[in-house]
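FYI, it's all coordinate maths here, none of it is from the lab. The shown structure was predicted, so the numbers you read here are calculated from the model rather than taken from an experiment. Positions of Cβ are generated from backbone atoms using ideal geometry, with glycine treated the same way; all protein chains shown enter the neighbour counts.
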Ligand SMILES: Cc1ncc(COP(=O)(O)O)c(C=O)c1O
């Protein structure tokens, strides 16, 4: 017996940890989506900063199709050509010398944290286990990564957590100086907090984090799961900060919509991940790596990276113009195409109302906490889609403001 595939089926058969919208998209092309009823949406959410080249980009479809007809899966008992090619490109284009592949951002961060602990124990002492991270940070939902993320609502209620993890406010140098010591194995930070509200680091703070890590022989881990692969207008955000981490994690846009994660580091640090210390059955899967290689080639070009900076301007100008009329935002913040419109006093806690109103107008946006409307569109979203999307957003803002 076949069942109607409706939103009601979600409540019937899915674990209730998500609350998806009432509509079900069935088709995507570029920066547009269509639902089961054929209604069209402009997509400024990009599957939460994932679909860096929009939906069904022809070059990604080609790579997926070709690899799909060639070789799908081996496991890490054998290596494969797409994984080796992608790893070489990541190494050649970043500070890194070694790559570990996995399937998601959380897994990349889990690997980074385990590696940092292992490295510190091997090179310092067995007490060098302290991990310093930041309030409102987000690093994924495995128990280690959610514990290192600085949001109790996500990490509490599951019993005893992995230990020796400390949180301090982002951009608070005095707090870091007070807490970092020779027992610190790593500092983990997003080089622009995404889920926590689109918060940029002060350049001086980022440099000082690096210095303090060096002073105390602690590793600096940059979680670039959301910022990486062109999102900020740099290939990786660390390049714009002029601060080089010891370990960097990448996922989301890396696969352009196909699940993949990667942890990048140096040869010296990577040596602590000896055979058998860590692994993943799917990590480095040929399908994922073939698609990611193509996405990476396209994004890692002056045309796309400069295009992100151009598009940031379009977004900022349109949001400023909307704000002049309706006075709803106190600030537009972020970098590249990771932008947040911060709600002013009058609209505190109502970011979701704007998201819902936008969807009603045929526009997908995101929130970053209760007070920020977040935009993470395709890095190549056409100007016409930005203009039309912003017209729809203006209508949504008008609805909320005039309600
Ligand atoms: C900075 C950051 N790290 C890690 C993650 C987790 O990635 P995933 O959901 O692929 O596990 C996210 C997801 O939003 C993220 O924004």
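Taking other C-beta atoms within 10 angstrom as a stand-in for reagent exposure, 247, 332 fall in the order 332, 247, fewest first. Helix 302-326 axis versus longest C-alpha principal axis of the chain: approximately 50°, rounded to the nearest ten. Normalised radius of gyration (Cα atoms, divided by 2.2 N^0.38 Å) for segment 13-69: 1.33. How large is log10 I(q)/I(0) at q = 0.16, 0.17 Å⁻¹ when the Debye formula is applied to the Cα atoms of segment 239-384, each weighted equally and without solvent? The Cα Debye sum returns log10 ratios of -1.03, -1.09. Taking Cα atoms only, the orientation of helix 286-299 departs from the longest principal axis of the chain by about 70 degrees.
When you work out D = kT/(6 pi eta Rh) for the chain at 4 °C and 1.567 mPa s, using the Kirkwood radius from C-alpha pairs as Rh and the Stokes-Einstein form, the result is 59 µm²/s. Extension gain for residue 143 to residue 23 (0.36 nm times residue separation, less C-alpha to C-alpha distance): 40.1 nm. Treating r as the C-beta distance of residue 84 and residue 48 and R0 as 30 Å, the FRET efficiency rounds to 0.55. For segment 309-350, the Kirkwood radius over C-alpha pairs fed into Stokes-Einstein at 20 °C and 1.002 mPa s yields D = 202 µm² per second. Distance in nm between label sites at residue 40 and residue 152, each 7 Å beyond Cα in the beta-carbon direction? Each label point lies 7 Å from its Cα, and together they span 4.8 nm. In terms of other Cβ atoms within 10 Å, 14, 390 run from fewest to most in the order 14, 390.
Quick check on the chain: of the DSSP beta bridges with both residues there, what percent are antiparallel, nearest 5%? Expressed as a percentage, antiparallel bridges in the chain total about 65.
Within segment 164-292, antiparallel bridges make up roughly 40 percent of the DSSP beta bridges whose residues both belong there. Set the Cα radius of gyration of segment 90-193 against 2.2 N^0.38 Å, with N its number of residues, and you get 1.09.
How high is the FRET efficiency from residue 13 to residue 383, r the C-beta distance, R0 51 Å, rounded to 0.05? For R0 = 51 Å, the calculated efficiency reads 0.80.
Relative to the dominant Cα principal axis of the chain, helix 105-123 is inclined by about 20°. Take the Cα of residue 302, step 7 Å toward its Cβ, do the same at residue 242, and the gap between the two points is 2.2 nm. For the pair segment 58-116 and segment 271-314, the centres of their Cα atoms are 8 angstrom apart. From the alpha carbon centroid of segment 333-403 to that of segment 153-193 is 31 Å.
On the beta carbon distance between residue 97 and residue 211, with R0 = 25 Å, the FRET formula returns roughly 0.65. For segment 6-117, the pair-distance distribution built from all alpha carbon pairs, in bins 5 Å wide starting at 0, is 2, 8, 11, 14, 18, 16, 13, 11, 5, 1, 0 percent. Each of 55, 278 was scored by other Cβ atoms within 10 Å of its Cβ. Arranged with the fewest first, they read 278, 55.
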